[in-house]
1. Taking the condition more than 26 Å from Lys281 (Cβ to Cβ) and open to solvent by less than 20 Å² (accessible area, probe 1.4 Å), does Ser396 pass?
2. Does any residue of segment 165-172 turn out to be closer than 21 Å to Leu490 by Cβ and modelled with pLDDT of 90 or more?
3. Do we have Gln205 as of a type in the set (S, T, N, Q) and in contact with a Gly (Cβ under 6 Å, 6 or more places away or on another chain) here?
4. Just a yes or no: is a residue in segment 454-477 open to solvent by 10 Å² or more (accessible area, probe 1.4 Å), basic (Lys, Arg) and either modelled with pLDDT under 95 or part of a helix (DSSP H, G or I) (or both)?
5. For segment 264-307, enumerate the residues that are under 30 Å from Ser415 (Cα atoms), polar (S, T, N, Q) and assigned to a helix (DSSP H, G or I).
6. Kindly evaluate Arg447 against the criterion of being part of a helix (DSSP H, G or I), of a type outside the set (Phe, Trp, Tyr) and either surrounded by 24 or more Cβ atoms within 10 Å (Cβ to Cβ) or over 13 Å from the mean Cα position of the chain (by Cα) (or both).
7. Considering (1) among the hydrophobic types (A, V, I, L, M, F, W, C); (2) without any contact (Cβ under 8 Å) to a residue 60 or more places away in the chain; (3) closer than 25 Å to Asp451 by Cα, say which one Phe207 fails and leave the rest.
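The values are calculated or read from the model by the stated rules, or taken from the named source; none is laboratory data. These figures come from a predicted structure and were not determined experimentally. In this analysis, Cβ positions are derived from the backbone assuming ideal geometry, glycine residues included, and neighbour counts consider all displayed protein chains. Surface areas here come from the heavy atoms of the whole protein model, side chains and all, with no ligands, DNA or RNA. Shrake-Rupley method; radii C 1.70, N 1.55, O 1.52, S 1.80 Å.
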Amino acid sequence: MRLQYGVILNYFYNAWIHSTFFSILQKIWEPFRRAYDNLAAVKLLRRGNRIQTLYESSLLSRILRFVLDIICRLFSAIAGFAAPAWKGSLIVRLCRGSFILNFEFLLGAFICAMFIMPHSYWNNGYAIVAAIGFLILYLILVGSGKRKLMYPDKLGFPFMLFAIALVLSLLFSQNRSDSMRILLFFAAAFIFTYVIAADMRDAKQLFKLLAFIYAAVIVTAVYAIIQRKFNLVYADASLTDLTINSGIPGRVTSTLDNPNNYAEFLVLFMPLCAAFAGTRKNQLSCVALLIGLVFPAVALIMTYSRSGWISLMLAALIYVWLRNKKLIPLFIALALLAIPFLPSTIVTRLTTIVTSFLGSSGHIDSSAQYRFQLWESVGYMIRDYGVNGIGLGPASFASLSPLYDTVDGAVHTQSQYFELILETGILGFVSFMWLILRCIKDSVIARRRADGLVRALLIACTAAFVGIAFSCIVEYLWFYPRVLFAYFILLGITFAAIFMATPEAEATL
């Protein structure tokens, strides 16, 4: 019997949009919508400018294009010289038409392996070597005529400005050797962004990459559930204030060493998984993949990461808003109705957010108290070094923190935004914010021209960036390099989807 997927949901949806209550909400909303469309700030954001055009014609852009052209011509000459012997080789016969031995499969397989590998077995050097290898392989494919070269300036001026800010931060580093180490991680992350954006040209290629990301999310989620089932994690006072969080069990970490790291990974990639699962044409596989998302949802709950929970809820809200804003009131109503059914430990964990700030419990959550004390000291550090920064890495922070009486054991600022200002100065912070806001803006605009997987993916990327922006307030995501790589892999997928939706796309901020 054929599965009638969506019949029940369609029934409730039609009942909702034809209800009297929805009509009232629509009449209330209409004046606000017209006012929003006429806001000067909205019109400014929707309008393009000439910055990208100037950047593409700049000396720096021409130098980068020239270098890449030389490299590709070199590979092309080598490929032409070796072509007679190469075409008849065993390697070519194995690779031709192979589902496994191709660029997209190898890239996706490595990304999947990067996140499912347990923390104790992982080495960040693997990512650096792999990034360089994939870049060389991509340029070889370009030189042999298998790929079209994408110049780095296609990623936009803010991206280049942020890269320049990171390099310039070395001049002011308090510990140059450690800053160089962290800069290599950023270089690898940037290469992943470039390679993904350059290579992904159609929905079929995106499908392969997203399938591996979906697999990584599911595998890590199952492992996290196993950690809880077999009591492999324990309540840790260094991760949770056990005084006001009584009854909270051990927080799962899966393969990423820390519950907050794992929650951030899920927030970044779960929207992509939802887009991948929800756009399958086969109804049975669509339902199965959507049901599979229950595993990472449960795993996220088990991390007991309050910022992770709020970030994912915010991402879900943005996803629903961009898919069909008529469902927003229903989404909010269902979220509120779900609260009485939440386990007591989750309710306790959520209420500590309010009680810690209001002091109504008589005891401030230790993690909140830790952040408030740390941020007070960080404010003075930013006052003194916020213009040029202190350089990348924990060693630079450690060399100065004793002078400002920071909290014992602090290795970073516990805030993405504070960390960017402190490490890279004003230039790094402004260029990063410009980059992300531009990507969000271009994704929202490009989704109107796209359909199918690409449209769903643009919405998912927007939701992920907006959602994770909340975690950035209270967490420094990039302290753990695998989360750094995940962030810029998401950025590369965003660029690829924008380019697919608008082949002539240019940065517009």
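1. Values: more than 26 Å from Lys281 (Cβ to Cβ): yes; open to solvent by less than 20 Å² (accessible area, probe 1.4 Å): yes.
So Ser396 passes the test.
2. Initially, segment 165-172 is screened for residues closer than 21 Å to Leu490 by Cβ, giving 165-166.
Next, from what is left, pick out any that are modelled with pLDDT of 90 or more: 165-166.
Yes, the conditions are met somewhere in segment 165-172.
3. On the way: of a type in the set (S, T, N, Q): yes; in contact with a Gly (Cβ under 6 Å, 6 or more places away or on another chain): no.
Judged against the criteria, Gln205 is not a match.
4. Going through segment 454-477, the residues open to solvent by 10 Å² or more (accessible area, probe 1.4 Å) turn out to be 454-455, 466, 469-470, 473-476.
Subset that is basic (Lys, Arg): 455.
Still in the list and also either modelled with pLDDT under 95 or part of a helix (DSSP H, G or I) (or both): 455.
Yes, segment 454-477 contains at least one residue that is open to solvent by 10 Å² or more (accessible area, probe 1.4 Å), basic (Lys, Arg) and either modelled with pLDDT under 95 or part of a helix (DSSP H, G or I) (or both).
5. Keep residues of segment 264-307 that are under 30 Å from Ser415 (Cα atoms), which gives 264-275, 293-307.
Now drop any that are not polar (S, T, N, Q), which leaves 303, 305, 307.
Within segment 264-307, Thr303, Ser307 qualify.
6. Answer is yes for this residue.
7. (2)
A quick yes/no check of all residues on (1) without any contact (Cβ under 8 Å) to a residue 60 or more places away in the chain; (2) open to solvent by 10 Å² or more (accessible area, probe 1.4 Å); (3) of a type in the set (S, T, N, Q); (4) touching a Lys or Arg at 6+ places or on another chain (Cβ under 6 Å):
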{"position": "Arg371", "(1), (2), (3), (4)": "no, yes, no, no"}
{"position": "Thr413", "(1), (2), (3), (4)": "no, no, yes, no"}
{"position": "Ile421", "(1), (2), (3), (4)": "yes, yes, no, no"}
{"position": "Gly428", "(1), (2), (3), (4)": "no, no, no, no"}
